[in-house]
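> The following block contains the structure, expressed as structure tokens.
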Amino acid sequence: MNFLQQIMAKIQQFMIGRYGSDSFTLFLTISGLVCSILSNFRHLRFLYLISLILIFYGVFRTFSRNYEARRKELNWYLRVSQKPKAEIKILMSQIRDRKTHRYYKCKSCKTVMRVPKGRGKIEITCPKCRMKVIKKT
Ligand SMILES: [Zn+2]
């Protein structure tokens with residue numbers, strides 16, 4: 001076994017029984033790095049402390065042996081981040097399709113509808129609740 005393999009074996013042994021990384025840890029680490037970068041601006045110095053807290057919490061989660069607590073945190077994160085992720089996805093689609101399509105939100109059920117641009121006045125039916133609206137595209 002060469003030196004690098006010995007180090008890898010030691011790390012593997014150290015990580016046995018530990019939680020490891022998940023999407024919440026990744027989010028904490030990336031947020032911590034973003035806060036760290038932003039803390040270079042004079043008025044955002046306080047973000048440095050927040051970045052340290054976020055990164056250390058990510059490290060703590062990775063090495064933790066309490067699977068149950070980490071799993072609960074992950075479930076909470078997945079539940080809380082679901083809506084913002086969906087809204088970011090819609091926003092990215094709106095930016096991508098801005099020349100060919102328009103997006104409307106249904107007033108009764110909040111479903112986002114995509115319609116082709118440049119068709120004049122059209123009646124749009126919500127696929128979810130069947131509510132109709134007339135919009136200029
Ligand atoms: Zn609707």
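> Quick one: would you say I50 is outside any loop (DSSP other than H, G, I, E, B), among the hydrophobic types (A, V, I, L, M, F, W, C), assigned by TED's automatic domain parsing to the domain that holds N75 and touching a Cys at 6+ places or on another chain (Cβ under 6 Å)?
On the way: outside any loop (DSSP other than H, G, I, E, B): yes; among the hydrophobic types (A, V, I, L, M, F, W, C): yes; assigned by TED's automatic domain parsing to the domain that holds N75: yes; touching a Cys at 6+ places or on another chain (Cβ under 6 Å): yes.
Criteria met by I50.
> Give the residues of region 19-44 that are over 20 Å from the mean Cα position of the chain (by Cα) and either modelled with pLDDT of 95 or more or of a type outside the set (D, E, K, R) (or both), sorted by residue number.
Taking region 19-44 as the starting set, the residues that turn out to be over 20 Å from the mean Cα position of the chain (by Cα) are 19, 39-44.
If the condition is that a residue be over 20 Å from the mean Cα position of the chain (by Cα) and either modelled with pLDDT of 95 or more or of a type outside the set (D, E, K, R) (or both), then Y19, S39, N40, F41, H43, L44 are the ones that fit.
> If you go through region 100-124 one residue at a time, how many are more than 14 Å from the ligand (Cβ to nearest atom) and closer than 26 Å to K83 by Cα?
4
> Among (1) assigned to a helix (DSSP H, G or I); (2) within 16 Å of the ligand (Cβ to nearest atom); (3) over 22 Å from S23 (Cβ atoms); (4) of a type in the set (A, V, I, L, M, F, W, C), which single condition is I95 missing?
If we test I95 against (1) assigned to a helix (DSSP H, G or I); (2) within 16 Å of the ligand (Cβ to nearest atom); (3) over 22 Å from S23 (Cβ atoms); (4) of a type in the set (A, V, I, L, M, F, W, C), just (2) comes out false.
> Here's something else I'd like to know. Could you please give the count of residues in region 125-137 that are in a loop (DSSP other than H, G, I, E, B), within 13 Å of the ligand (Cβ to nearest atom) and within 17 Å of H101 (Cβ to Cβ)? Before you say what the answer is, go through the steps one by one.
First, the residues of region 125-137 that are in a loop (DSSP other than H, G, I, E, B): 126-131, 137.
Filter once more, keeping what is within 13 Å of the ligand (Cβ to nearest atom): 126-131.
The next check asks that each one be within 17 Å of H101 (Cβ to Cβ); those that pass are 126-127.
The qualifying residues number 2.
> Quick check on this structure: which one of I16, I11, I7, I53 is within 22 Å of the chain's Cα centre (by Cα) and of a type in the set (A, V, I, L, M)? Steps first, answer last, please.
Numbers: I16 fails: within 22 Å of the chain's Cα centre (by Cα); I11 fails: within 22 Å of the chain's Cα centre (by Cα); I7 fails: within 22 Å of the chain's Cα centre (by Cα).
Result: I53 is the single residue among I16, I11, I7, I53 that is within 22 Å of the chain's Cα centre (by Cα) and of a type in the set (A, V, I, L, M).
> While we're on this one: Of the conditions (1) away from the ligand (no atom under 16 Å from the Cβ); (2) in contact (Cβ under 8 Å) with a residue 24 or more places away in the chain, R79 clears all except one; give me its number.
If we test R79 against (1) away from the ligand (no atom under 16 Å from the Cβ); (2) in contact (Cβ under 8 Å) with a residue 24 or more places away in the chain, just (2) comes out false.
> Would you confirm whether any residue within region 79-91 is surrounded by 13 or more Cβ atoms within 10 Å (Cβ to Cβ), modelled with pLDDT of 95 or more, of a type outside the set (S, T, Y) and within 30 Å of Y19 (Cα to Cα)?
no
> So is I122 surrounded by 12 or more Cβ atoms within 10 Å (Cβ to Cβ), part of a strand (DSSP E or B), out of contact with any helix residue (DSSP H, G or I) (no Cβ under 6 Å at 6 or more places or on another chain) and in contact (Cβ under 8 Å) with a residue 12 or more places away in the chain or not?
For I122, the condition - surrounded by 12 or more Cβ atoms within 10 Å (Cβ to Cβ), part of a strand (DSSP E or B), out of contact with any helix residue (DSSP H, G or I) (no Cβ under 6 Å at 6 or more places or on another chain) and in contact (Cβ under 8 Å) with a residue 12 or more places away in the chain - is met.
The values are calculated or read from the model by the stated rules, or taken from the named source; none is laboratory data. Every value quoted in this text rests on a predicted model; they were computed, and no experiment measured them. Note: ideal-geometry Cβ built from the backbone for every residue, glycine included; neighbour counts use all protein chains shown.
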